[in-house]
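Below is one structure, written out as structure tokens; comments come after it.
The values are calculated or read from the model by the stated rules, or taken from the named source; none is laboratory data. Nothing here was measured: the structure is a model prediction, and the numbers come from that model. Every residue, glycine as well, gets a Cβ built from its backbone with ideal geometry; the counts of neighbours run over all protein chains shown.
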Amino acid sequence: MKIMNCPLNGPRNISEFVWGGDIKPMPDPATCSDRQWTDHLFIEDNIAGIVHEWWLHAPTNFWFVARRNTITDEILETMTVDRFFQQTAAGPAGEPA
């Protein structure tokens, strides 16, 4: 059984979670083309390596961020959304490792 640590509920069976996609910059909806908006919504980069992803704990409807190695499928870290964006806003030195 694979376990994921939910920042709100602690360690839970992976079957309780839903993957929400890669975290990526959102284009400006007022100025982007239909193609750019469609790509943002439906196209994933499929990076081999460490990525930040949206995850949902379905029973509690709690969204959070996971740092995962896509090569080994290892979940390296989970964090609340506010913590992720606080670290990211801090700049290169403050970005999640």
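Could you give me the residue pairs with C-beta distances under 8 Å whose first residue belongs to the range 72-89 and is in contact (Cβ under 8 Å) with a residue 40 or more places away in the chain, whose second residue is exposed (fewer than 14 other Cβ atoms within 10 Å of the Cβ) wherever it lies, and which are 6+ apart or on separate chains? The qualifying pairs are Thr80/Leu8. Of the strands (runs of 3 or more DSSP E) contained entirely in the range 2-97, those carrying at least 3 residues that are modelled with pLDDT of 95 or more and surrounded by fewer than 11 Cβ atoms within 10 Å (Cβ to Cβ) fall at 10-13.
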